[in-house]
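Let me begin by presenting the structure, written as structure tokens, before commenting on it.
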Amino acid sequence: MSIIPEISLRAEERRLAWRLLSGTFAYTFGNGIAVIAAALIMSQTTGDPGSIGVLFIMVSLPQALLSFVAGRMADHYSPQRICLVANLISASGGGGLLLLAVFGELTPYPLYFFSFLLSACTAMIFPATNALIRHCVREEQLPRFSSRFEIAIQAGSLISVAIGGAAMDHFSPASVFLVSAIAYFISGLLIGSLRYRSPTSAETDADVQQVLNHYRPAGALLLYATGNVIITVTNTLMVILVVQYFSASATSLGIADALAGVGVIVSSLLYTRIHKQFPLVVIIAGGYLLCAICIFLQPRFGLSHYFVLFPLGTLFYGFARIGCRQLIYSVCRREATGRFFGYANAAGLALSVPATLAVSWLVRHHDVMMGYTATGLFIISGMVVALYILLFKRRC
């Protein structure tokens, strides 16, 4: 007699999961188009690595400042409503950029302002979405869903940069920002109207405490934060390397970023199998180490070699990134998920600001190879420190 309600419950969980994935894809797509368009406009109008670095700092800074508060809000208020409001504000920001493009007013300072606004909305959406995942997905399904979630993120990023780079070459910036605004609106509708009942879970306080006996939460947060730094710094370096150092077009930039998305998608498809073969910490450490090696090698050859090394690096990064998300799920209870991801995002983006400034300074006063070398060394040193904190046993 209980089979039909159980089947109905599982069908409802699948529907919620696919709406979460679709909304995440739409948001990442819209955000990726806006960011790549702003970076290309900044590169074309100023040609200054420092200006591009400041732009990505404007993307990082509000997330560092607001993620702590946003995480607590996601745990205390309706996370789907937070996503709805933030997406509608983002859609309005995309509309503002569209109007500036139409009237020819896309100068650096308006780009800084709207990048800051869109990033502030991302700071609200990120912990809220992760809190929704814990409410809509069973604990035993989290590893598989985490890989699908990463596919949704990277597919949105892949398609956005491919379309964004080509559109900036062949169409007007206004058309790019129009598509971005529409994507934000669709994401808000998909996630903002979710209705759920938290699934029953095998997770208990004893289960979480057993994990905490082996791992310190601060180490898990710092490992995740290291991934945020990689994203921000390599986005800055990629624009400089492809457009200025290799003297390639915006389409080449889009191709490179699209290939990077393919690398992470492949890692997401393989993650469940890798997760069964290796411990979580080994996956994270190995992924970051191999990613750092690829980053070190990327500027030392031509553009064609970069098209191979960049997605290879993101393949290894993807393993580490999904592993870090799963590690955070393991060290926190469901009702604290938004808070933990808010802490992780804030820490990562707070570290991204000085790291981006330092790398931009190295590129400006030395060369782009020095910037890539410093980035690789930072990843390895950050990973070692985070692993030490993660595995360090408290003394009684």
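The values are calculated or read from the model by the stated rules, or taken from the named source; none is laboratory data. Predicted model only: the values in this text are computed from it and were never measured. Here Cβ is always computed from backbone atoms with ideal geometry, including for glycine, and neighbour counts include all displayed protein chains.
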>> Show the residue pairs meeting these rules: Cβ distance below 7 Å; 6+ apart or different chains; first residue within region 128-150 and farther than 13 Å from residue 79 by Cβ; second residue among the acidic types (Asp, Glu) and outside any helix (DSSP H, G or I).
In response: 139/203
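One line per residue, one yes/no per condition, for (1) more than 20 Å from residue 245 (Cβ to Cβ); (2) assigned to a helix (DSSP H, G or I); (3) among the β-branched types (Val, Ile, Thr); (4) without any contact (Cβ under 8 Å) to a residue 40 or more places away in the chain:
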{"residue": "313", "(1), (2), (3), (4)": "no, yes, no, no"}
{"residue": "320", "(1), (2), (3), (4)": "yes, yes, no, no"}
{"residue": "336", "(1), (2), (3), (4)": "yes, yes, no, no"}
{"residue": "341", "(1), (2), (3), (4)": "yes, yes, no, no"}
{"residue": "370", "(1), (2), (3), (4)": "no, yes, no, yes"}
{"residue": "380", "(1), (2), (3), (4)": "yes, yes, yes, no"}
{"residue": "390", "(1), (2), (3), (4)": "yes, yes, no, no"}
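Are any of the residues in region 338-345 of a type in the set (Lys, Arg) and either within 21 Å of the chain's Cα centre (by Cα) or at pLDDT below 85 (or both)?
Start the filter on region 338-345 by keeping residues that are of a type in the set (Lys, Arg), which leaves 339.
Imposing the further condition that a residue be either within 21 Å of the chain's Cα centre (by Cα) or at pLDDT below 85 (or both) reduces the set to 339.
The answer is yes, given that some residue of region 338-345 is of a type in the set (Lys, Arg) and either within 21 Å of the chain's Cα centre (by Cα) or at pLDDT below 85 (or both).
Please indicate, with yes or no, whether at least one residue in region 153-175 is of a type in the set (Val, Ile, Thr), part of a helix (DSSP H, G or I), buried (at least 21 other Cβ atoms within 10 Å of the Cβ) and touching a helix residue (DSSP H, G or I) at 6+ places or on another chain (Cβ under 6 Å).
Here is the first cut: in region 153-175, the ones of a type in the set (Val, Ile, Thr) are 153, 159, 161, 163.
Narrowing further to those that are part of a helix (DSSP H, G or I): 153, 159, 161, 163.
If we keep only those that are buried (at least 21 other Cβ atoms within 10 Å of the Cβ) too, we end up with 153, 161.
After this cut, where a residue has to be touching a helix residue (DSSP H, G or I) at 6+ places or on another chain (Cβ under 6 Å) as well, the list is 153, 161.
Yes, there is a match, as at least one residue in region 153-175 is of a type in the set (Val, Ile, Thr), part of a helix (DSSP H, G or I), buried (at least 21 other Cβ atoms within 10 Å of the Cβ) and touching a helix residue (DSSP H, G or I) at 6+ places or on another chain (Cβ under 6 Å).
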> Is there a residue in region 262-283 that is closer than 26 Å to residue 61 by Cα, surrounded by 20 or more Cβ atoms within 10 Å (Cβ to Cβ) and aromatic (Phe, Trp, Tyr)?
Replying inline: no
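So, residue 43, is that one under 20 Å from residue 163 (Cβ atoms) and at pLDDT 80 or above or not?
In short, no.
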>> I'd like to verify a number: residues in region 70-91 that are in contact (Cβ under 8 Å) with a residue 12 or more places away in the chain, polar (S, T, N, Q) and either closer than 18 Å to residue 136 by Cβ or surrounded by fewer than 17 Cβ atoms within 10 Å (Cβ to Cβ) (or both), how many?
In response: 2
>> Looking only at residues that are within 14 Å of residue 266 (Cα to Cα) and of a type in the set (S, T, N, Q) in region 125-156, which one is modelled with the lowest pLDDT?
In response: 154
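I'm checking my understanding of the structure. Among residues of region 364-379 that are surrounded by fewer than 17 Cβ atoms within 10 Å (Cβ to Cβ) and closer than 15 Å to residue 233 by Cβ, which one is modelled with the lowest pLDDT? Walk me through it before giving the result.
Applying the first criterion (surrounded by fewer than 17 Cβ atoms within 10 Å (Cβ to Cβ)) to region 364-379 yields 364-367, 369-370, 377.
Checking the rest, the ones that are also closer than 15 Å to residue 233 by Cβ come to 364, 369-370, 377.
Details: 364: 82, 369: 87, 370: 89, 377: 92.
Per the criteria, the residue is 364.
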> Does residue 294 satisfy the condition of being buried (at least 20 other Cβ atoms within 10 Å of the Cβ) and within 30 Å of residue 69 (Cα to Cα)?
Replying inline: no
> in a helix (DSSP H, G or I), in contact with a Ser or Thr (Cβ under 9 Å, 6 or more places away or on another chain) and crowded, with 23+ Cβ neighbours inside 10 Å, is that true of residue 324?
Replying inline: yes
> Do we have any residue at all in region 105-117 that's charged (D, E, K, R), without any contact (Cβ under 8 Å) to a residue 60 or more places away in the chain, surrounded by fewer than 24 Cβ atoms within 10 Å (Cβ to Cβ) and outside any helix (DSSP H, G or I)?
Replying inline: yes
